[in-house]
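Enquirer: A single structure is presented below for examination.
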Amino acid sequence: MKTTRLLVIGIFVLGAAGLAYQFYPRQTIDEASAPVDAASTGTPASNTDDPVLARVNGTPVHKSELIPYLQDLASNEQLLQWGQLESIPPEIFETALLNLTQDRLVRQLADEAQITRRPEVQALMDKSSNRIAKLAYLDQLTPGLVDEASIRQRYDELVASLQGKKEYRARHILLKDEQEAGTILQALENRPFGELAKLFSLDENTGLRGGDLGYFLLGTLDEEFESQLTRLEVGTVSRPFQTRFGWHVAILDDVRDARPMPFEQAAPIIRQQLERQATQAWLDQLVAKADIEPATADDLQGRAPDAQ
């Protein structure tokens, strides 16, 4: 690893001299595939956009090639936080470069041994290539499928659907059996609900928040759970009851008229939902236009069809 360490040190010095290695929120695996061959596009690749970060046996390693290996070792949030090349922990950079080097060297050996020409291996490589190309294309296509007017329209529809509805806020403690639930109910006479939820609730997500489920509309939680809650007066604790998740002790904290989320907060969520729906509709339409024919008996047996 001495050579790798020297490469890393050299790259970090280069970064400190002004080579910005900027990560972007939308930069995902589809953007992190191997760099496009400039000859195939007619557009020369920019050294600034995709600089060489190292060389393996004389072959350059570009920034775009290293990104997916960095993503294997750190979250996108961490990469964004580090921001520039010189901010990446050396051990992360070194491991990513090592993993890329191993993959590249073994791939060369596999090519030489013609292993990558086997049909089953080619099929897996084609699947990976197709999937990455699909994600990259959809990443460019999807934002254009949804406009601001459709987001506003959906928001207005959601606001209208809340008219006359109530929101409930509750806390609960999830337990494995009725006996435990009964014990917790007795303990509530002397200890705060939130404290017992943090200590004993099997629902880890809400338990850390003292059992708080936040505000919700009827129809969004388990039917039996909601049925038990709507029988309670605000501020009262339920008797132990069972749902498909286990046994519960719950308290109803508040009931209020349903309030829509402000448009500024709701818009990104609505956009994501509409983009997902629009993308699926586009894919369905694309497939519907394709000419898909079932294999013939000759195809399945590997025979060429008879000449007409």
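The values are calculated or read from the model by the stated rules, or taken from the named source; none is laboratory data. These figures come from a predicted structure and were not determined experimentally. Every residue, glycine as well, gets a Cβ built from its backbone with ideal geometry; the counts of neighbours run over all protein chains shown. The area values use the complete protein model at the heavy-atom level, side chains included, leaving out ligands, DNA and RNA. Shrake-Rupley method; radii C 1.70, N 1.55, O 1.52, S 1.80 Å.
Enquirer: Being under 17 Å from Gln265 (Cβ atoms) and surrounded by 15 or more Cβ atoms within 10 Å (Cβ to Cβ) is the filter here; which residues of segment 129-161 pass it?
Expert: Once the filter is applied, which keeps residues that are under 17 Å from Gln265 (Cβ atoms) and surrounded by 15 or more Cβ atoms within 10 Å (Cβ to Cβ), segment 129-161 yields Ile151, Arg154, Tyr155, Val159.
Enquirer: If you don't mind, there's one more thing I want to ask. Mind checking whether some residue in segment 262-271 is surrounded by 13 or more Cβ atoms within 10 Å (Cβ to Cβ) and touching a strand residue (DSSP E or B) at 6+ places or on another chain (Cβ under 6 Å)?
Expert: Within segment 262-271 (the criterion being surrounded by 13 or more Cβ atoms within 10 Å (Cβ to Cβ) and touching a strand residue (DSSP E or B) at 6+ places or on another chain (Cβ under 6 Å)), the answer is no, since none of the residues qualifies.
Enquirer: Inspect all residues belonging to segment 173-187 and state whether any of them is in contact (Cβ under 8 Å) with a residue 40 or more places away in the chain, farther than 30 Å from Ile269 by Cα, open to solvent by less than 40 Å² (accessible area, probe 1.4 Å) and assigned to a loop (DSSP other than H, G, I, E, B).
Expert: There is no residue in segment 173-187 that is in contact (Cβ under 8 Å) with a residue 40 or more places away in the chain, farther than 30 Å from Ile269 by Cα, open to solvent by less than 40 Å² (accessible area, probe 1.4 Å) and assigned to a loop (DSSP other than H, G, I, E, B).
Enquirer: May I ask you to verify whether Ile92 is of a type outside the set (Gly, Ala, Ser), open to solvent by less than 60 Å² (accessible area, probe 1.4 Å) and touching a Leu at 6+ places or on another chain (Cβ under 6 Å)?
Expert: In short, yes.
Enquirer: Checking the conditions here, which among Asn99, Asn47, Asn76 is modelled with pLDDT under 90, over 30 Å from Leu286 (Cβ atoms) and of a type outside the set (Ser, Thr, Tyr)?
Expert: Result of the check over Asn99, Asn47, Asn76: Asn47.
Enquirer: List every residue pair whose Cβ atoms sit under 6 Å apart, with the two residues 6 or more apart in sequence or on different chains, where the first one lies in segment 47-74 and is closer than 17 Å to Ile132 by Cα and the second, anywhere, is open to solvent by less than 40 Å² (accessible area, probe 1.4 Å) and not aliphatic (A, V, I, L, M).
Expert: These pairs meet every condition: Ser64/Asp50.
Enquirer: Which of (1) more than 26 Å from the chain's Cα centre (by Cα); (2) modelled with pLDDT of 95 or more; (3) open to solvent by 100 Å² or more (accessible area, probe 1.4 Å) does Val255 not meet, given it meets every other one?
Expert: The failed condition is (3).
Enquirer: A follow-up question, please. Of the conditions (1) surrounded by 16 or more Cβ atoms within 10 Å (Cβ to Cβ); (2) within 20 Å of Met125 (Cβ to Cβ); (3) not hydroxyl-bearing (Ser, Thr, Tyr), Ile115 satisfies every one except a single condition; which number is it?
Expert: (1)
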